[in-house]
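Here the structure is laid out as structure tokens; the discussion comes afterwards.
What follows draws every value from the coordinates through simple rules; no lab data is involved. All figures in this text were calculated on a predicted structure; none of them were measured in a lab. Quick reminder, even Gly has a Cβ in these numbers, built from the backbone with ideal geometry, and neighbours come from all protein chains shown.
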Amino acid sequence: MMTPIYGNDAVLEQIRTMRARDRMPQAVLFWGERGRGRRSLARYFAMTALCNGENAPCGECPSCRKIAQDIHPDVMWPEHSGKRGGFSVETVRHVISDAIVAPNDGDRKVYIFTDCDGMDIRPQNTLLKLTEEPPAHVLLVFTALSRSAFLETMLSRMMPIAVRPCTPEECRRALTQDHGVRDADADAAVSACGGNIGQALAWLEDSDMQALTRCAAQITGALAQKNAYSVLRLLAGYEKDRQSALTLLELLDLQLRDALAMQYGQNACAGCDRRSAEGLSRGLSVSRAARMHEAIRDAWEALDANVSTRIVLAALGGELVS
């Protein structure tokens, strides 16, 4: 049985239509924020491509059941390596040599490269020829936070598909019905994470994540009041924890996105705290939002490049309230 995928009905229909018309792309990229279901969509794509039943993906044929259990011999998930969690040149070369081998069970082989944001230039260049001219039986699937994770030469040979958030109501239903979360806990997780099911599950299981969402809400509130001291103090709490600082910046960017959407009367549900986002939205200009977004993005990239966490967060605090 397939796990439900929420918030992306149009994407699911697009995949089914491509299969029905025998026009499955040989290279596809599912991109969007962590927790929105990029991996689930990659698995759904593979299931649709390899399904042996009617109305693919049927979810019941041997191929669908094997993919659902991650035991299908023709669906490969290359392993990450290195400090940035990318893919080594050796791993890519192994995929290239394996790709010319005929499938085991059916007509196609699917290689799913997840979380490609740490894939650097060398493995991308090594993979380029396979992406340009894959064997007829090979499908390549990639997932990433952003399209910018890839070189233009790689990106031009993929079909990019944006992964959308689900509504808070859908997130709550997924937590209670699919994951057995108690109603009260589901309400708290949805309040913190909006329509992001993956983040909600992580939030429920991780006290550190709960602390990060509280901090992101507090910083958002301080930004609404232009309280530079509070912003700097809250950011400084993560100057010795690079990974948590990276997550905090992602949460802040979602809060900023919600605040800007609210100003234009749109229903926003990506961030972790609606009330503080509403406060920030009052008087938030497009130019200020753009500056804040650029500052957060630049800080994230600097942290990812191992620049001093203390220096990056201190500089970010100053830029956010300027």
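Direction-averaged projected area, Cα convex hull, the range 206-320: 6.3 nm², rounded to one decimal.
Note on Tyr264, Tyr44: ascending count of other Cβ atoms within 10 Å places them as Tyr264, Tyr44, the fewest first. Helix-only arithmetic for the chain: the sum of -39500 (n - 2.57) across DSSP H runs with n ≥ 4, divided by the residue total, places the mean residue ellipticity at 222 nm at -16500 deg cm²/dmol.
Find, among the trypsin sites (Lys or Arg not before Pro) in the range 75-181, those assigned to loop by DSSP (not H, G, I, E, B) with at most 16 other beta-carbon atoms within 10 angstrom.
On the way: sites: Lys83, Arg84, Arg93, Arg108, Lys109, Lys129, Arg147, Arg157, Arg172, Arg173; in loops: Lys83, Arg84, Arg108, Arg157.
For trypsin sites (Lys or Arg not before Pro) across the range 75-181 that sit outside H, G, I, E and B with at most 16 neighbouring Cβ atoms in 10 Å, the list reads Lys83, Arg84.
Loop-only check: which GluC sites (Glu not before Pro) in the range 152-184 are DSSP coil with at most 11 other Cβ within 10 angstrom?
Working: sites: Glu152, Glu169, Glu170; in loops: none.
Answer by residue number: there is no such site.
Which order results if Thr17, Thr220 are arranged by neighbouring Cβ count within 10 Å, fewest first?
Working: Thr17 10, Thr220 27.
Going from sparsest to densest Cβ surroundings: Thr17, Thr220.
Volume of the convex hull of the range 244-301 (Cα atoms only), normalised per residue: 67 Å³. For the chain, the longest principal axis of the Cα atoms and the long axis of helix 89-99 meet at an angle of about 30 degrees. Axis angle, to the nearest 10 degrees, between helix 207-224 and the longest C-alpha principal axis of the chain: 50 degrees. Largest GNM mean-square fluctuation among Ala144, Ala200, Ala295, using the chain with Cα springs under 10 Å: Ala295.
The share of Cα pairs per 10 Å bin across the chain, counted from zero up to the longest distance, runs 6, 24, 30, 24, 13, 3, 0 percent. Reducing the range 223-262 and the range 60-104 to their Cα centroids gives an inter-centroid distance of 37 Å.
Neighbour counts of C-beta atoms inside 10 Å place Cys166, Cys272 in the sequence Cys166, Cys272, starting with the fewest. Calculate how many DSSP beta bridges within the chain are antiparallel, expressed in % of all such bridges and rounded to the nearest 5. Percent antiparallel among DSSP bridges in the chain is about 5.
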